[in-house]
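Everything below concerns the one structure shown next.
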Amino acid sequence: MFLTDDAAAYNLCVVGSGPAGIILALDYARTNPHKRVLLVEYGSNTQQKENQLDSSIQINNTVNHHQPNECTNKGLGGTSATWGGRCVMYDEIDFEDRPILNGNCTWDKTILIDVQDHIHKAAEYFECGKPDFDLSALTNADAKPIAEGFKQGVVTDTRLERYSMPTRFGERYAGDIAAQTNLTLAEGYEARDFEQPNAKGKVSFLTLRHVATQKQIIVTADKFVLAAGAQESTRILLRNQQLFRNIGGVPDALGKYYQGHLSGKIASVQFNGDPKKTDYGFTKDADGVYARRRFQFSNEFLKQNNLLNTALWLDNPLYFDPKHRSGAMSFMYLAMITPVLGKKLAPPAIAHSITKGRVNNIPAHIGNIARGLPRSFTKPAAIFYKRYISKRKLPGVFLYSPKNTYALHFHAEQVPFEGNSMKLGSDGERLIINYSLTEADVASVIKLHDVLDHWLRTTGCGELKYWFDKDELPQAIKNMSKDGLHQCGTTRIANSPENGVVDSDLKVWGTSNVYVCSSSVFPTSGQANPTFMLGAFAVRLSQHLSHTKKANKKSFTTQLQHNKPVNIN
Ligand SMILES: Cc1cc2nc3c(=O)[nH]c(=O)nc-3n(C[C@H](O)[C@H](O)[C@H](O)COP(=O)(O)OP(=O)(O)OC[C@H]3O[C@@H](n4cnc5c(N)ncnc54)[C@H](O)[C@@H]3O)c2cc1C
């Protein structure tokens, strides 16, 4: 809708309509039917794909960070328009101070406990089934090991990632937003400038700029929430330094400690047992929701060895390398590198993770396809149906290995490093992103591969086969790991403005009514993809702003029990 100058006066104004903004705005409006909510969204369906926000971002390291338009989407639903729908829970260790974090774990376990009250509601919004993230909680899954002979210990094989539809929040909730009479959606408006807070920290209005006409209007509200994604929420705060006048200036942590995940493959795993007993693919829970196992490491082990939280999962061999000899993989690889078609099959960042941007030995791929007929076509056709046509989409493609060999994908926490940052350029508008991997990040990934290798060999289950010589591993990781999709840290939670930007209720230090609801508030990145946790934070913030609280501690106790290290030594 088009806002007029006199539209004003809302109880709550939410900036940004990605998963965080939609969950928060809808949940708050439903809980408070007599309060007026405004949901402001920069994008609109009449806008060009290229947009001023993305084109005013400068990425200083394009080897390890995707381009802005690959990292976010604008418009109702935000980046859920292209996200993969992988829902993962943070772990206890992510809330514990460890020497490797250099004093930068500025939240604690009370937040994890608090968030448990809200994960059920979040899971409903994400349509990812019950928020149980351990295999034992799936009623229809037997508790067989991931591969024959695997034993639990410092390495575990029962932690799960769950999958959303994937829910495209814009399409999925447009009707609900329209039906919610106390909720107004204003598309095509950019949140610009907050009023300077009064002596009590209260901010009364926010200036919006109509993207198409550049006309400015003022919106007054009792409370404001920035849910504009990590980059843009950070940029808005960096631009609005007046918000911090009551605390003597901008918090030192604002824009710093930017983290994502290290991600890639440096090894395969060769299991010794029966290949048919390896759980390499998806399982479905009682509600038909897809879930998949991840190797993780016990909290105690990570703590004792001062390592970063990391997940590893079984994957296909590299698609672009025809040595895999799979006709189905070669067919899918050729489809992905075909102009136009490739773009329709996956968003650029995901496509890149599969093809690595390479056009490689096409004749050999065609040879694989010919040798593998008819399965080279029938297998992709069946996958295509499940992945693109059925209502709940198959989240990925994992193929059986008769040799019981799988590539191993790592997804690892990063050290919160001050030098990884978002800063404003000299024009006060451009967002400059500095992002690189630290030596500690890389060393932890290598060490944990060695730990898994040792564990598999000791238990007789299998071993790792590295794709690089040992001395080449650090550079290989630095060359392959590329993020920018999972953005954490730049407006982090802390118990004082000396250490962070928002308090544990997500309220911006120095204000009494401005909040941030973005993964940028997470001080640590853990091994988890951030959006599910962010959804739980959105429900939690909605309840906090409504002054209601729902209790459901049972599931947390269960989670903690499942997360206990089980040693077999
Ligand atoms: C290809 C890809 C795959 C991904 N897969 C996964 C996955 O499987 N699992 C997972 O957990 N995460 C995944 N992510 C990350 C996930 O998409 C984000 O964590 C999530 O979308 C963040 O939600 P958000 O609401 O904070 O921000 P966004 O979804 O980015 O939405 C922010 C909204 O705010 C609007 N906005 C920005 N600035 C302003 C302004 N000044 N005024 C008004 N509006 C503004 C934007 O237009 C946008 O619509 C993926 C990301 C990408 C790019």
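The values are calculated or read from the model by the stated rules, or taken from the named source; none is laboratory data. Keep in mind the model is a prediction, meaning the values are calculated, not measured. When we count neighbours, we look across all protein chains shown, and the Cβ atoms used for this are built from the backbone with ideal geometry, even at glycine.
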Residue list for the stretch 21-52, filter: within 19 Å of V225 (Cα to Cα), within 13 Å of the ligand (Cβ to nearest atom) and touching a strand residue (DSSP E or B) at 6+ places or on another chain (Cβ under 8 Å): G21, I22, L24, A25, L26, L38, L39, V40, E41, Y42, G43
Given (1) within 16 Å of the ligand (Cβ to nearest atom); (2) of a type in the set (A, V, I, L, M, F, W, C); (3) surrounded by fewer than 23 Cβ atoms within 10 Å (Cβ to Cβ), index of the condition I266 fails: (1)
D274 being surrounded by fewer than 20 Cβ atoms within 10 Å (Cβ to Cβ), within 12 Å of the ligand (Cβ to nearest atom) and acidic (D, E): no
Of all residues making up the stretch 144-194, the number that are out of contact with any Ser or Thr (no Cβ under 6 Å at 6 or more places or on another chain), part of a loop (DSSP other than H, G, I, E, B) and within 16 Å of the ligand (Cβ to nearest atom): 4
Selection count where residues are of a type in the set (V, I, T), farther than 21 Å from Y290 by Cα and either surrounded by fewer than 16 Cβ atoms within 10 Å (Cβ to Cβ) or under 34 Å from the mean Cα position of the chain (by Cα) (or both), scope the stretch 367-387: 1
Flag if D91 is more than 10 Å from the ligand (Cβ to nearest atom), more than 23 Å from S421 (Cβ to Cβ) and at pLDDT 95 or above: yes
Enumeration of residues in the stretch 1-20 that are modelled with pLDDT under 95, small (G, A, S) and either within 13 Å of the ligand (Cβ to nearest atom) or in a strand (DSSP E or B) (or both): none
Pairs where the first residue, in the stretch 21-43, is on the phi < 0 side of the Ramachandran plot and modelled with pLDDT of 95 or more and the second is part of a loop (DSSP other than H, G, I, E, B) and among the charged types (D, E, K, R), C-beta under 7 Å, 6+ apart: Y42/K74; G43/K74
One residue from L456, L464 being assigned to a strand (DSSP E or B) and touching a strand residue (DSSP E or B) at 6+ places or on another chain (Cβ under 6 Å): L464
Flag if N479 is more than 12 Å from the ligand (Cβ to nearest atom) and touching a Ser or Thr at 6+ places or on another chain (Cβ under 8 Å): no
Residue match in the stretch 289-311 (condition: surrounded by fewer than 22 Cβ atoms within 10 Å (Cβ to Cβ), among the aromatic types (F, W, Y) and at pLDDT 95 or above): yes
Single residue of D117, D54 found to be out of contact with any Lys or Arg (no Cβ under 7 Å at 6 or more places or on another chain) and either in contact (Cβ under 8 Å) with a residue 40 or more places away in the chain or part of a helix (DSSP H, G or I) (or both): D54
Options V521, V501; residue that is crowded, with 22+ Cβ neighbours inside 10 Å, free of Cβ contacts under 8 Å to residues at least 60 places away in the same chain, in contact with a Lys or Arg (Cβ under 7 Å, 6 or more places away or on another chain) and closer than 20 Å to V415 by Cα: V521
Matching residues in the stretch 301-331 - criterion: being in a helix (DSSP H, G or I) and of a type in the set (S, T, N, Q): Q304, S330
Residues of the stretch 207-260 that turn out to be charged (D, E, K, R), within 14 Å of the ligand (Cβ to nearest atom) and not in a helix (DSSP H, G or I), as a count: 1
Scope the stretch 417-442; condition closer than 17 Å to K478 by Cα and part of a loop (DSSP other than H, G, I, E, B); matching residues: F417, G419, N420, Y435, S436, L437, T438
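Results for (1) out of contact with any strand residue (DSSP E or B) (no Cβ under 8 Å at 6 or more places or on another chain); (2) basic (K, R); (3) within 16 Å of the ligand (Cβ to nearest atom), shown as yes or no for each residue.
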site: L341; (1), (2), (3): yes, no, no
site: T355; (1), (2), (3): yes, no, yes
site: A370; (1), (2), (3): yes, no, no
site: S376; (1), (2), (3): yes, no, no
site: K379; (1), (2), (3): yes, yes, no
site: V397; (1), (2), (3): yes, no, yes
site: S401; (1), (2), (3): yes, no, no
